[in-house]
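The values are calculated or read from the model by the stated rules, or taken from the named source; none is laboratory data. Every value quoted in this text rests on a predicted model; they were computed, and no experiment measured them. Cβ placement follows ideal geometry from the backbone for every residue including glycine, while neighbour counts extend to all protein chains displayed. Please note that ligands, DNA and RNA were not included when accessible areas were found on the heavy atoms of the full protein model with its side chains. Shrake-Rupley method; radii C 1.70, N 1.55, O 1.52, S 1.80 Å.
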There are 2 protein chains.
Amino acid sequence: MTTLDNFTYDEITIGQTATYSKAVEERDLSLFAAVSGDLNPLHLDAVYAATTAFGERIAHGMLTGAVISAALAMKLPGPGTIYLAQDLRFRLPVKIGDTITVELEVTGKQDRRKSVTLDCKAYNQARKLVASGTADVIAPSEKLSLMPPELPGITISP
Amino acid sequence: MTTLDNFTYDEITIGQTATYSKAVEERDLSLFAAVSGDLNPLHLDAVYAATTAFGERIAHGMLTGAVISAALAMKLPGPGTIYLAQDLRFRLPVKIGDTITVELEVTGKQDRRKSVTLDCKAYNQARKLVASGTADVIAPSEKLSLMPPELPGITISP
């Protein structure tokens, strides 16, 4: 298993980039509904979704926000990051079967708080921008290399 | 079961408010890890988390973002809302057992796009502000009253 590694504030440079991908499966829409409480049938009911302008079930917009947050926590800066702020603009719907790829780029460093500003862009597999925004985080001061815990098994019964 | 109802653009008034609550359970941290891919042990491993400045497992910051997004989709404007943008400032950690209460207030209406701006504040059960921000949404043009679909059963095995 690969370790979870980070970049400390001192190691981070302006222009540094990282990418992170997540395939959006049908079960993610159920999991996001459970974790947020958003039970809108646009995300959960294929028959209802077919009657809407989208024509099919789409992912909750903030699921893309969750994937962007994972990019920051897993890749850049990685473990030990403290999330200060995020702005997001939702641009295109994400559908079941889409793969979201987040591209991060460091655009600023503020020595006083050891905070870092990152430009965040989320694309689908057709390289269409689905969401974009800016993150502010406090970067880790300590180098970490952690074994990621194994996720408990999650079973979804229809 | 109660229906999911919405407020159309024409019905929404400046100053209108809504609240929405979600209790954060241990399983939500596993579900959010699965849906985002963020496997940081601060959220998943009690022994590791005890060694950090937080002293215990905390929820992923964007889980509060997910609960804010559910408030918009479930309460105000409700079903048929299209999410345009969200900014978030994370202020305090959310712990297992906390209840997040989101308070929404309409602060602006833009007739041209039928978009609505809402102030969003998320409190814990001690009335401490854990996150705040602003949402921009397109409000529904059509009145909807939907039966929320039943969530599939989700089982977590340790």
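Descriptive notes on the structure:
- Boolean, A:Thr107 is assigned to a strand (DSSP E or B) and open to solvent by 70 Å² or more (accessible area, probe 1.4 Å): yes
- The lone criterion from (1) open to solvent by 10 Å² or more (accessible area, probe 1.4 Å); (2) touching a strand residue (DSSP E or B) at 6+ places or on another chain (Cβ under 7 Å); (3) in contact (Cβ under 8 Å) with a residue 60 or more places away in the chain left unmet by B:Gly97 is number (2).
- Restricting attention to the range B:41-58, the residues that are open to solvent by 10 Å² or more (accessible area, probe 1.4 Å) and either among the small types (Gly, Ala, Ser) or within 7 Å of chain A (Cβ to nearest Cβ) (or both) total 6.
- Being at pLDDT below 95, in a strand (DSSP E or B), touching a Lys or Arg at 6+ places or on another chain (Cβ under 6 Å) and β-branched (Val, Ile, Thr) is a property that holds for B:Ile156.
- You will find that of A:Ala85, A:Ala71, A:Ala66, the residue that is touching a residue at least 24 places away in the same chain (Cβ under 8 Å), over 30 Å from B:Thr3 (Cα atoms) and in a helix (DSSP H, G or I) is A:Ala71 and no other.
- Taken over the range A:1-39, the residue count meeting the criterion of being facing chain B (nearest Cβ under 10 Å) and either hydrophobic (A, V, I, L, M, F, W, C) or touching a His at 6+ places or on another chain (Cβ under 8 Å) (or both) is 12.
- Scanning the range B:110-141 for residues that are away from chain A (no Cβ under 12 Å), outside any loop (DSSP other than H, G, I, E, B) and surrounded by fewer than 17 Cβ atoms within 10 Å (Cβ to Cβ) yields a total of 3.
- Pairs where the first residue, in the range B:21-50, is touching a residue at least 24 places away in the same chain (Cβ under 8 Å) and the second is of a type in the set (Ser, Thr, Tyr), C-beta under 6 Å, 6+ apart: B:Ser21/B:Thr99; B:Ser21/B:Thr101; B:Ala23/B:Thr99
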